[in-house]
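Chemist: Okay, handing you the structure first.
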Amino acid sequence: MAESVVILSVGARTPLGFSLAASAAAVRAGISAIGDHPFMIDRFGQCMKVTRDIGLDPQANGVDREIELALSAARDALQALSDVSDLPPVTLLLSTGESRPGKVDGHADAVYQAMAAQLRPAMGGAIAEGTCGGLMAIHHAAVALSESRAELCLAGGVDSYLVPETMEWLDESERLHSEGNIYGFCPGEGAAFCLMARAETAARLGLAPLVSVLASETGTEENRIGTETICLGEGLGMVLAKMRDNLPDPEHPVDRILCDMNGERYRGNEYGFAVLRSSGLFRDAAGFETPADCWGDLGAATGPACIGLVAEAHARGYAKGPLSLVWGSSDNGSRAAVMVADARRDADA
């Protein structure tokens, strides 16, 4: 990037915990939040397997659920600014899950407007994306910061599959995980946001970055999930190949890989082909991590929540190495990836 962009803080709320620290500790311990939905029954006559935020009303609609999740995570991320004087304006960039049954037209804007009324950002906007949506918001924030079109950005995603129309649609589409459908996924809900700035802005404000954003890329896959086409990983492979071209040192590949794979066969096949198109990017391409095993599918919140896991690992001293990459893949064909490095290592260099 033309200007160094850093992440100052991450706020997250997942079915594993109301904070990033609690969620990260649970993921590291391998604790799973997957359980029975309190009243939704699948086509096999069994309770639907989900992960849910126990602090939310099980019958709350999607907009209300997402507003409560998003505000909680966003306020956690913004705590880093609580002691800063002469605060620059904050730009809010939000992604929600893509259009689907249970998400009416204008859903993303409704969530954004409710957040804006509470947080009062200087500017911003919302996009309706899928599981790579949070990463796309971070990408757009990184570009805006690098080009000096913003000074501080709060970028991330919020999503919830736990509304009846969405759950029934997933069940009818044979995408829910169950004893009768082992290649389905466990729908969940959550929110995660990254507070971002240029490195020089962080220094001026006296804030210590958590991680540096080395590169972010987006792309499109034409052969989407649920179609009759065969995905050969072209879209994700292009994104990962661009990541490889942005390695600080080609002799030092990415140490840690986190992604939004959720158990669906399409996702694993796509990644396998994409890896072949990006040889040399990863130290161990087979060593990827799938937090959905623990917190379920968080939709658009997945990417920033995964970056939160990286930040926690560096802060607490159990990171696999200095370089990490998070990638995501949406049903609508959008693909995104973000590469980050330990900011403390950069400061010591």
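The values are calculated or read from the model by the stated rules, or taken from the named source; none is laboratory data. As the structure is a prediction and not an experimental result, all values here were calculated from the model. Note that each Cβ is placed from the backbone with ideal geometry, even for glycine, and that neighbours are counted across all protein chains shown. Side chains are part of the model used for accessible areas, which takes the heavy atoms of the whole protein and leaves out ligands, DNA and RNA. Shrake-Rupley method; radii C 1.70, N 1.55, O 1.52, S 1.80 Å.
Chemist: In the range 252-285, what residues are open to solvent by less than 30 Å² (accessible area, probe 1.4 Å) and of a type in the set (Phe, Trp, Tyr)?
Modeler: TYR271, PHE282
Chemist: Going residue by residue through the range 152-169, is there one that turns out to be β-branched (Val, Ile, Thr), within 19 Å of the chain's Cα centre (by Cα) and either more than 18 Å from GLY263 (Cβ to Cβ) or open to solvent by less than 20 Å² (accessible area, probe 1.4 Å) (or both)?
Modeler: Of the range 152-169, the ones β-branched (Val, Ile, Thr) are 158, 163, 166.
Of the ones still in play, those that are also within 19 Å of the chain's Cα centre (by Cα) are 158.
Applying the additional criterion that residues be either more than 18 Å from GLY263 (Cβ to Cβ) or open to solvent by less than 20 Å² (accessible area, probe 1.4 Å) (or both) yields 158.
Scanning the range 152-169 turns up at least one residue that is β-branched (Val, Ile, Thr), within 19 Å of the chain's Cα centre (by Cα) and either more than 18 Å from GLY263 (Cβ to Cβ) or open to solvent by less than 20 Å² (accessible area, probe 1.4 Å) (or both).
Chemist: Are there any pairs with C-beta distances below 6 angstrom linking a residue in the range 109-135 that is closer than 23 Å to GLU151 by Cβ to a residue that is surrounded by fewer than 17 Cβ atoms within 10 Å (Cβ to Cβ) and of a type outside the set (Ser, Thr, Tyr), with the two at least 6 apart or on different chains, and if so which?
Modeler: Listed pairs, sorted by first residue: ALA122/PRO89; ALA126/ASP109.
Chemist: For GLU147, indicate whether it is in contact with a Pro (Cβ under 6 Å, 6 or more places away or on another chain) and more than 28 Å from ALA24 (Cα to Cα).
Modeler: Considered against the rule, which asks whether it is in contact with a Pro (Cβ under 6 Å, 6 or more places away or on another chain) and more than 28 Å from ALA24 (Cα to Cα), GLU147 comes out as no.
Chemist: Across the range 119-147, what is the total count of residues that are at pLDDT 95 or above and either part of a strand (DSSP E or B) or more than 11 Å from the chain's Cα centre (by Cα) (or both)?
Modeler: 9
Chemist: List the pairs whose first member sits in the range 205-225 and is within 11 Å of ASN332 (Cα to Cα), whose second member is surrounded by fewer than 22 Cβ atoms within 10 Å (Cβ to Cβ) and among the hydroxyl-bearing types (Ser, Thr, Tyr), and whose Cβ atoms are under 9 Å apart, counting only residues at least 6 apart or on separate chains?
Modeler: GLU222/THR229; ASN223/THR229; ARG224/TYR266; ILE225/TYR266
Chemist: Look through ALA203, ALA208, ALA241 and report the one residue that is open to solvent by 40 Å² or more (accessible area, probe 1.4 Å) and either in contact with a Cys (Cβ under 6 Å, 6 or more places away or on another chain) or assigned to a helix (DSSP H, G or I) (or both).
Modeler: Values: ALA208 fails: either in contact with a Cys (Cβ under 6 Å, 6 or more places away or on another chain) or assigned to a helix (DSSP H, G or I) (or both); ALA241 fails: open to solvent by 40 Å² or more (accessible area, probe 1.4 Å).
Within the list ALA203, ALA208, ALA241, the selection yields ALA203.
Chemist: Restricting attention to strands (runs of 3 or more DSSP E) lying wholly within the range 1-63, give those where 3 or more residues are open to solvent by less than 50 Å² (accessible area, probe 1.4 Å) and hydrophobic (A, V, I, L, M, F, W, C). Lay out the reasoning, then the answer.
Modeler: Numbers: elements: 5-13, 35-41, 47-50.
In the range 1-63, 5-13, 47-50 are the strands (runs of 3 or more DSSP E) which contain 3 or more residues that are open to solvent by less than 50 Å² (accessible area, probe 1.4 Å) and hydrophobic (A, V, I, L, M, F, W, C).
Chemist: Let me spell it out: the conditions are (1) modelled with pLDDT under 95; (2) assigned to a helix (DSSP H, G or I); (3) not small (Gly, Ala, Ser), and LYS320 meets all of them except one. Which number is the exception?
Modeler: All conditions are met except number (2).
Chemist: I'm trying to understand the selection: among the residues of the range 204-233, which are touching a Phe, Trp or Tyr at 6+ places or on another chain (Cβ under 8 Å) and at negative phi?
Modeler: Scanning the range 204-233 gives ILE225, CYS231, LEU232.
Chemist: Report the residue count in the range 178-200 for those that are modelled with pLDDT of 95 or more and either open to solvent by 10 Å² or more (accessible area, probe 1.4 Å) or over 27 Å from GLY17 (Cα atoms) (or both).
Modeler: Count: 4.
Chemist: Can you name every residue in the range 109-136 that is over 21 Å from LEU87 (Cβ atoms), open to solvent by less than 10 Å² (accessible area, probe 1.4 Å) and not β-branched (Val, Ile, Thr)?
Modeler: Passing the criteria: GLY130, CYS132, GLY133, GLY134, LEU135.
Chemist: Right, another one. Enumerate the pairs (first residue in the range 257-277 and under 15 Å from VAL239 (Cβ atoms); second residue anywhere and assigned to a loop (DSSP other than H, G, I, E, B) and among the acidic types (Asp, Glu)) with beta-carbon separation below 9 Å, excluding pairs fewer than 6 apart on the same chain, so at least 6 apart or on different chains.
Modeler: Close Cβ pairs satisfying both conditions: ILE257/ASP284; ARG267/ASP260; GLU270/GLU221.
Chemist: What residue, among those in the range 85-99 that are among the hydroxyl-bearing types (Ser, Thr, Tyr) and open to solvent by less than 70 Å² (accessible area, probe 1.4 Å), is farthest from LEU69 (Cα to Cα)?
Modeler: Narrowing the range 85-99 to residues among the hydroxyl-bearing types (Ser, Thr, Tyr): 85, 91, 95-96, 99.
Next, from what is left, pick out any that are open to solvent by less than 70 Å² (accessible area, probe 1.4 Å): 91, 95-96.
Values: THR91: 19, SER95: 13, THR96: 12 Å.
Selected residue: THR91.
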